[in-house]
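**Q** This is the structure I want to talk about, given as structure tokens.
Taken together, the values in this text are just the output of simple stated rules run on the coordinates, not laboratory data. Note that the coordinates shown come from a computational prediction; the quantities given were computed from them, not determined experimentally. All Cβ positions, even for glycine, are placed from backbone atoms using ideal geometry, and neighbour counts span all protein chains on display.
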Amino acid sequence: MPAMEQSDRPMSIGEVSRLTETPITTLRYYERRGLLPPPDRVGGQRRYPASIAMRMMVIRYCRAAGLTLDEIAVVLDDRSPGRSVTKQLGRERLRTIEDQIAQLQTAHRMVAAAIACACPTVDVCECGAMDAVRAEIEATMSAPAR
């Protein structure tokens, strides 16, 4: 991702697209959905304030965290005292992200063990490379769901 230089100069939709690595069609879609405020127009062309780059980063990382566009709209527009709705959405999403991170860490250990395994097949590993990750997975499978 390009460095986001902060300038007060209004940006065209193409500049926003390049800066945030977001297709122009997506920017227009977000505008129609209300995720982006309607930009000023100069000569019929959209002119976005520099602050739009940060708003796009919020949208990008909310999407990466698994929030729907409707949930992102709530986050962006939450003006409630203490932003309680946003905080509740965040707490719920953090639990999901933590679960995903744990699964990816296990997957990482599994792939690393598979690389180290010298057996003809990893599902019947006899060299011991898969022992630790196999035990971890078996423990996870027998643990009660949270």
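**Q** How big is the dipole moment of the chain about its Cα centre under a simple scheme where the beta carbon of each Lys and Arg is +1, that of each Asp and Glu is -1, and everything else is neutral? Debye, nearest 20, please.
**A** Once rounded to the nearest 20, the dipole reads 840 debye.
**Q** Between [x] 15.4; [y] 19.0; [z] 22.4, which entry matches Kirkwood radius over Cα pairs in Å as derived from the coordinates of this structure?
**A** [y]
**Q** Within a 10 angstrom radius of the beta carbon, how do Val133, Val124, Val111, Val85 rank from fewest other beta carbons to most?
**A** Ordered by Cβ neighbours within 10 Å, fewest first: Val124, Val111, Val85, Val133.
**Q** A further question on this structure: Residue by residue, what Karplus-based ³J(HN,Hα) values in Hz, rounded to whole numbers, does the range 56-67 have, using 6.51, -1.76 and 1.60 with θ = phi - 60° and x for Gly and Pro?
**A** With coefficients 6.51, -1.76 and 1.60, one gets 5, 5, 4, 4, 4, 6, 5, 4, 4, 7, x, 6 Hz.
**Q** Step by step: find N for the range 50-124, compute 2.2 N^0.38 Å, then divide the Cα radius of gyration by it. What's the final number?
**A** It is 1.67.
**Q** What is the order of Met57, Met130, fewest Cβ neighbours within 10 Å to most?
**A** Met57, Met130
**Q** Net charge near Leu69, counting Lys/Arg +1 and Asp/Glu -1 over other residues with Cβ under 9 Å of its Cβ?
**A** Around Leu69, the surrounding residues sum to 0.
**Q** Give me a comma-separated list of calculated 3J(HN,Hα) values for the range 70-79, in order, Karplus coefficients 6.51, -1.76, 1.60 applied at θ = phi - 60°, integers in Hz, x for any Gly or Pro.
**A** 5, 5, 5, 4, 4, 4, 5, 9, 5, 10
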